[in-house]
Amino acid sequence: MRHAWEITSVTDAARARITTARLAAALGVAPLPRTRLTVALSARLRQCLTKGGTWRLTLSTTDSDAGEHLLRAEVAAVPPAGEPPWETAVPCPEADGAVRASSGGDDPDLLAEALLGADEDTAVVLDRLAEQEDLVAFHREELHQTNQGVLALHAELDAAGRAQREAFAAERAARQEAENARRRLTFLADASAVLTASLNHEEIVRRLPELLVPRYARRVDVWLFDTDGDHERPPAPHPAAAVRAARTGRPQYAADHPGGLPGVDDHPPSVLDPALPMLCVPLPTRRAPLGVLTLTPPEERWDPDDAVMLIELTRRASIALDHARRFEHNRDIAETLQRALLTELPTRPGLRLAARYLPATFGLNIGGDWYDAFRQPDGGLITVIGDVTGHGLHAAVMMSQLRTALRAYAVDGGTPGQLLTRLHRFLHHLQPDLYATAVIARFHPDEPVLTWAAAGHPPPVLRTPDGRVHVLDARPGAMLGIPLRQEIADHRVPLPAGSTLAMYTDGLVERRAQGIDPGIERLATALAGFGSEELEADLEGAADRILDPLLSDSERDDDVCLLLCHVTGRAATG
């Protein structure tokens, strides 16, 4: 189907519009597309009439690529101008219409029908528009409710965000506080371990500033009192706060502002240094303060928790200092007792003696090692070196009892083996759970023979004048005091003039990682390195020169005894 009209006036345009509406209705075009088509055509024709001239409207039906029927309207200038024709199309169910293609002329009925038809289409459009307005109003209300919900949600999210940020801030603060507490506890534990590791009070005083500066204090001063509780005269004046801390036993904070430190009394600033805050903490003990620890803050002031930690560290330092002073006092007493128990070596023509006793560097420096030398009624000289098991005052007391018993037994005579046998019985009955080792050598001026006996003790070492060294390791007896009946045998070796016998305890030769044999070999080598003339001239110096290399690798956790016996003339055993 194809129809065309030429339009030159408004009347032509109105008739063309009416015809287009009727044709679209006849082809089954729906009211809304039909209204859109006629409105768009009217607007285009009005533009054409404004421009003037003749215009051709062409209506035709065509099929789309998808097989759909279309009613196509095209408006073009007559004759054709440079611009392309205007066109539009709407879908139509039918390809041919049952309406005549004439414009209808001036028939009033047709015009009325066209007007009513346009009103019907307009009514449909208005109904659809009303529906859309209702739908838009519904959606507008829905959007409003949604916006209100979104706003409420945003408010909740904002509140939740603030609460979350506050929770995160509180968590960070708690984590930081926990980390600070862990740091303080770790420092306190490490510092306490350092302070309690030493039993030398001077070293503890020296380590305190090293531990605290510069992390917790800019300067540290330790003011110690004497052991009787009276204050030592300080080399320089002490702050008034330190004196008050010593008198009251309470920590004092001296500054031009309150310290706000728990358990600490505020005090006016020190006259010695008024611009510098000071924390003066007494060093408490159960009897009386040992002194006062004065600290200046690393910055303007201390954190209260740091101050609490410093006061606790001072308390632990005071305990360490008190233990160190008590230990040093007991050690001095023990060492004095130990040396008082050791014998002053006798002198005898033809025989020189040199002895060395070195207490262990750990503990109370008192143990069961001993040496002794004394004459028998027949003119013989007994030398003995021994070691009571264990360490401490009990071992020293037992050593003294064995020493006294041996001297008592030796008054009645007897060989070294016999004396050791009697000592074994004595110790077993006196202290069944205590044992000892010993070596006894007997020198006699009438014969160049050495008689000796050993009970569980490291073997003596003999250097003969020809420079050879002999380890006297003949079968020894068992330890003294063990629950075993034994008769300890004597051994005899030639003893020419110029010979030197070395008797010692295991602290000289035994090392935990190596055992005792390498140490005995080192002792033999050291003794072989001396000449007879050197031993003859300076036996005391030789003792020192033997000890130095043998103890260079020792931790000295055991006592050391060394007894050198050098024969200058004839010597023999009886």
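FYI, it's all coordinate maths here, none of it is from the lab. Given the structure is predicted, the values throughout are model-derived calculations rather than measurements. Here the Cβ is made from the backbone with ideal geometry for all residues, glycine too, and neighbour counts use every protein chain on show.
Observations
- Helix 393-411 and the longest principal axis of the Cα set of the chain meet at an angle near 20°.
- Förster-model FRET efficiency, 25 Å R0, residue 308 and residue 329, C-beta, rounded to 0.05: 0.20
- Nearest 10 degrees, 0 to 90: helix 108-196 Cα axis against the chain principal axis: 10
- Assigned charges on the beta-carbon of Lys, Arg, Asp, Glu; the chain dipole about Cα centre (debye): 2000
- Overall, the ratio between the Cα radius of gyration of region 357-463 and 2.2 N^0.38 Å, rounded to two decimals, is 1.09.
- Counting Cα-Cα pairs of the chain in 10 Å increments starting at 0 gives whole-percent bin shares of 3, 12, 13, 8, 7, 8, 7, 4, 3, 3, 5, 5, 5, 6, 6, 4, 1, 0, 0.
- Computed 3J(HN,Hα) for region 3-20, one whole-Hz value per residue from the Karplus formula 6.51 cos²θ - 1.76 cosθ + 1.60 where θ = phi - 60°, is 9, 9, 9, 9, 10, 10, 9, 5, 4, 4, 5, 5, 4, 5, 5, 4, 5, 4, glycine and proline marked x.
- Cα-centre dipole for region 2-106 with unit charges at Cβ (Lys and Arg positive, Asp and Glu negative), debye to 20: 400
- Peptides 207-219, 370-382 ordered by average Cβ neighbours within 10 Å, highest first: 370-382, 207-219
- Cα-based helix-to-principal-axis angle, 539-551 vs the chain, degrees rounded to 10: 20
- For region 413-497, the list of trypsin sites (Lys or Arg not before Pro) that fall in a loop by DSSP and count at most 13 other C-beta atoms within 10 angstrom reads 468, 485.
- Think of each Lys and Arg Cβ as +1 and each Asp and Glu Cβ as -1; about the Cα centre, that makes the dipole of region 344-567 roughly 580 debye.
- Cβ-based charge dipole, the chain, positive-most Cα from 116, 62, 327: 327
- Phi-derived couplings, Karplus 6.51 cos²θ - 1.76 cosθ + 1.60 at θ = phi - 60°, listed residue by residue for region 39-49: 5, 5, 5, 4, 5, 6, 5, 4, 4, 5, 5 Hz, with x used for Gly and Pro.
- Helix-only CD estimate at 222 nm, as mean residue ellipticity for the chain, using -39500 (n - 2.57) per DSSP H run (n ≥ 4): -15500 deg cm²/dmol
- Of all beta bridges that DSSP places with both ends in the chain, some 95 percent have antiparallel geometry.
- Shape class of region 344-567 from the alpha-carbon gyration tensor: oblate, with a/c at 1.5 or above and b/c at least as large as a/b.
- Contact order, relative form, for the chain: 10 percent (alpha carbon pairs under 8 Å, 6 or more residues apart, mean separation divided by residue count).
- Loop-located GluC sites (Glu not before Pro) across region 471-532 with a Cβ neighbour count of 16 or fewer within 10 Å are 487, with loop assigned by DSSP.
- Amide H contacts of residue 200 (H built 1.01 Å from N, under 5 Å, at least 5 apart or other chain): none
- Between residue 169 and residue 213, the FRET efficiency from the beta-carbon distance, with R0 = 45 Å, is close to 0.85.
- Rg followed by Dmax, in Å, when region 2-106 is reduced to its Cα trace: 13.2, 40
- Listed residues 213, 274, 243: farthest to the positive end of the dipole of region 201-337 (Cβ charges): 243
- Entry note: region 201-337 has Rg to Rh equal to 0.99, where both radii use alpha-carbon atoms and Rh is the Kirkwood radius.
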